[in-house]
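Contents: one structure, followed by commentary.
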């Protein structure tokens, strides 16, 4: 990952760290790797049947807190995102409903 995003030939001498995405929400190599590792761990635990109600409740709690923080700052993110501002737009009621009511078990991810 680092060889692709931060090749030594370009970044070694400068000491700069490359990030992708809008200025307000850059993802460094470490952030991308951490995100992929978290997704991999979650998928592995799910497929191995190691996800219990307590873990799901913890995940729900963290998601709700993170979503509240995101929603509070969404306007600032959109204002600084330029052509990507649409990514931070408000969802319609139908989109919100669809997002809240589409669960992994309904898509066949949990319970295999």
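Laboratory data are not the source of any read-out in this text; all were calculated from the coordinates shown. Since we're looking at a predicted model, the values are computed, not measured. Note that each Cβ is placed from the backbone with ideal geometry, even for glycine, and that neighbours are counted across all protein chains shown.
Below are the figures for this structure:
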{"quantity": "Packing-based exposure ordering (other Cβ within 10 Å, fewest first) of 62, 51", "calculated": "62, 51"}
{"quantity": "Which of 88, 97 has the fewest Cβ neighbours within 10 Å, and the rest in rising order", "calculated": "97, 88"}
